[in-house]
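What follows is one structure encoded as structure tokens, with my remarks underneath.
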Amino acid sequence: MVRRTLLSFALSFVALPALADLVVLQYHHVSDSTPSSTSTSVSLFDAQMDMIADLKLEVVPLQAGTEQALARAEADGGNDEPNQLAITFDDAYDSVYATAAPILSSMDYPYTVFVNTEAVGRHGYMTWEQLAELEQRDGVTIANHSADHGHLARKPGETAEQWNSRIDRSLDAAQATLAEKLGTEAPLFAYPYGEFDAALEAKLAERDWYGYGQQSGPIGESSSATRLPRFPMANAYGQLNGLPDKLQSKAFPVSAEELPDGVMTNNPPVLTFALPSSMKASRLTCFASGQGRIDINVEDGEVRVQAPDAFNSRRLRYNCTHPAGGGQFYWLSHQWLDPHQPED
């Protein structure tokens with residue numbers, strides 16, 4: 001049974017304490033010479049790590065931090081400890097080994113590298129020797145990012161049999177290769193492109209794996225073990241002026257189990273969720289990818305969020321925030337996938 005704790009907790013409690021949660025940062029390249037859309041410049045990465053230190057936020061291993069955040073109970077009246085952080089890298093690019101790893105080692109920060117195993121040793125990627133060296137260092141975890149970095153949600157026209165065969169091979173071949181090459185079998189999986197659907201989540205649940213996306217937000221007791229959020233930290237998203245809000249954000253107190261599947265059935269999609277009684281609709285703010293701030297309708301305690309215009313992108317997000325007190329914000333991000341749009 002996949003690890004899920006208190007995911008159906010009551011949303012109508014009188015007080016809404018801002019709990020300490022886990023904020024997971026997601027990187028690809030740490031370099032000044034790789035594509036900007038997936039890169040964090042060396043100077044920005046350095047500054048981000050310094051900000052974490054200045055804020056005195058504890059950086060913890062991803063699995064331990066995830067388990068603690070999902071299990072944290074609010075019945076004791078809240079926890080005013082600062083958030084914990086976890087640092088992750090997707091794809092195992094060589095800049096992580098050459099640039100990010102020495103910086104993190106100097107600060108004694110643990111981190112996780114998600115590996116698409118068929119790319120190891122190719123130009124721009126780490127080798128198995130480099131990954132083995134990292135895996136031996138204290139605080140470094142090497143984990144599964146699929147065998148082929150394919151689009152894993154079911155494709156239009158793909159039969160259930162074809163999809164099952166394709167997904168089982170990609171998930172399990174990668175895990176077996178990591179065990180063979182590195183002796184590691186961490187129950188952690190990062191969805192390629194951040195794309196997932198309910199059926200793919202079920203595949204991870206069968207394996208008792210945690211699944212990490214690319215939708216933003218912290219992990220807390222309202223999160224789901226197979227659709228865990230991370231904050232993308234590429235140049236466009238990781239600038240220092242907005243970073244403190246992300247690092248100190250709180251998981252939105254709406255169970256992720258109650259949110260819809262991320263595959264779009266209409267365009268623009270509709271997101272609905274129950275607004276906790278201690279929240280004010282007037283203080284809720286939502287944004288849509290490429291469309292900025294969008295209107296919110298609330299009726300009988302149910303929030304309805306829908307962008308005004310249709311999208312022509314494969315992936316998009318709705319992000320909603322609400323003040324949590326003390327200058328912090330509750331943060332909810334829901335990723336949508338249109339599988340009929342071209343693959344990357």
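Would you work out if region 189-295 is rounded, prolate or oblate? Take a ≥ b ≥ c from the square roots of the eigenvalues of the alpha-carbon gyration tensor; rounded if a/c is under 1.5, else prolate when a/b is larger than b/c, oblate otherwise.
rounded
What is the set of long-range amide H partners of Tyr210 at a cut-off below 5 Å, with H atoms built 1.01 Å from backbone N?
Here the answer is Leu188, Phe189, since their amide H atoms fall under 5 Å of that of Tyr210.
Given an 8 Å cut-off on Cα distances and at least 6 residues of separation, report the relative contact order of region 244-306 as a percent. Intermediate values should be presented prior to the final figure.
Details: 59 pairs, mean separation 19.4, N = 63.
Answer for region 244-306 is 31 percent.
Taking only protein heavy atoms into account and a 1.4 Å probe, give the accessible area per residue of region 201-344 in Å².
So region 201-344 comes to 41 Å² accessible per residue, rounded to a whole number.
Could you give the distance between the Cα centres of region 152-172 and region 81-100, to the whole Å?
29 Å
Under 1.5 on a/c is rounded, so check that first for region 74-218, then, if it is not, pick prolate when a/b is larger than b/c and oblate when it is not; a ≥ b ≥ c are the square roots of the alpha carbon gyration tensor eigenvalues.
Note, shape of region 74-218 comes out oblate.
Per residue Cα convex hull volume for region 225-344, in cubic angstrom?
127 Å³
Please list, in chain and number order, the residues 5+ apart from Ala92 or on another chain whose amide H is under 5 Å from its amide H, with Hs placed from the backbone.
Excluding prolines and chain starts, which carry no amide H, the hits are Phe114.
Can you grab the distance from the C-alpha centre of region 24-61 to the C-alpha centre of region 318-344, Å, no decimals?
20 Å
Can you list the HN-Hα couplings for region 100-111, worked out from phi with the Karplus curve (6.51, -1.76, 1.60; θ = phi - 60°), rounded to whole Hz and with x for Gly and Pro?
Result, rounded to whole Hz: 5, 4, x, 5, 5, 4, 5, 9, 6, 9, x, 7.
Could you give the distance between the Cα centres of region 132-146 and region 250-275, to the whole Å?
33 Å
Among all lysine pairs in the chain that are eight or more places apart or on different chains, how many have alpha carbons less than 30 angstrom apart? If you can, show how the numbers build up before the last one.
Details: Lys56/Lys246; Lys56/Lys250; Lys155/Lys203; Lys181/Lys203; Lys203/Lys246; Lys203/Lys250; Lys246/Lys280; Lys250/Lys280.
Here the count comes out as 8.
Tally the DSSP beta bridges in the chain and give the antiparallel ones as a percent, rounded to 5. Can you show the working numbers first?
Working: 28 of 56 bridges.
So the antiparallel bridges in the chain amount to around 50 percent.
What are the extents of the Cα atoms of region 151-216 along their three principal axes, listed from largest to smallest and rounded to whole Å?
Over region 151-216, Cα extents along the principal axes are 37, 30, 19 Å.
Under a point-charge model restricted to the Cβ atoms of Lys and Arg (+1) and Asp and Glu (-1), what is the dipole moment magnitude of the chain relative to its Cα centre, in debye to the nearest 20?
Dipole size: approximately 580 debye.
Would you kindly derive the ³J(HN,Hα) couplings of region 64-71 from the backbone phi angles with the Karplus curve 6.51 cos²θ - 1.76 cosθ + 1.60 (θ = phi - 60°), listing them in order in whole Hz, with x for Gly and Pro?
Couplings: 5, x, 5, 4, 5, 5, 5, 8 Hz.
In whole percent, how big is the carbon plus sulfur part of the accessible area of the chain, probe 1.4 Å, protein atoms only?
47 percent
Using amide H atoms built 1.01 Å from N in the peptide plane, name the residues 5+ places from Phe252, or on other chains, whose amide H lies under 5 Å from its own.
Hits under the 5 Å cutoff: Trp331.
Relative contact order for the chain: what is it in percent, counting Cα pairs under 8 Å that are at least 6 residues apart?
Dividing the mean separation by the residue count of the chain yields 20 percent.
With θ set to phi - 60° and the Karplus curve 6.51 cos²θ - 1.76 cosθ + 1.60, what are the ³J(HN,Hα) couplings of region 47-62 in order, to the nearest whole Hz, using x for Gly and Pro?
Going residue by residue, I get 5, 4, 5, 5, 5, 4, 5, 4, 7, 6, 8, 7, 9, 10, x, 4 Hz, with x marking Gly and Pro.
Tell me the relative contact order for region 145-261 as a rounded percent, counting alpha carbon contacts under 8 Å between residues six or more apart. Write down the numbers at each step before the final one.
Values: 146 pairs, mean separation 24.8, N = 117.
Over region 145-261, the number comes to 21 percent.
What is region 185-250 by shape, rounded, prolate or oblate, if you read a ≥ b ≥ c off the alpha carbon gyration tensor as root eigenvalues and call it rounded for a/c under 1.5, prolate for a/b larger than b/c, and oblate otherwise?
prolate
Starting with the highest mean, order 155-164, 103-112, 325-334 by the number of other Cβ atoms within 10 Å, averaged over the residues of each peptide.
In descending order of packing, they fall as 325-334, 103-112, 155-164.
Which values, in whole Å and largest first, are the semi-axes of the equivalent ellipsoid of the chain obtained as the square root of 5 times each eigenvalue of the Cα gyration tensor?
Largest first, the chain gives 30, 24, 19 Å.
Would you mind putting 43-52, 277-286 in packing order, based on average other-beta-carbon counts within 10 Å, highest first?
Result, highest mean first: 43-52, 277-286.
At 7 Å along the Cα-to-beta-carbon direction for both Val42 and Glu129, put a label point, then send me their distance in nm to one decimal.
Those two pseudo-labels are separated by 2.3 nm.
The values are calculated or read from the model by the stated rules, or taken from the named source; none is laboratory data. Computed from a predicted structure; not experimentally measured. Cβ sites come from the backbone with ideal geometry, for glycine too, and all protein chains shown count toward neighbours. Note: areas computed on protein heavy atoms with side chains; ligands, DNA, RNA excluded. Shrake-Rupley method; radii C 1.70, N 1.55, O 1.52, S 1.80 Å.
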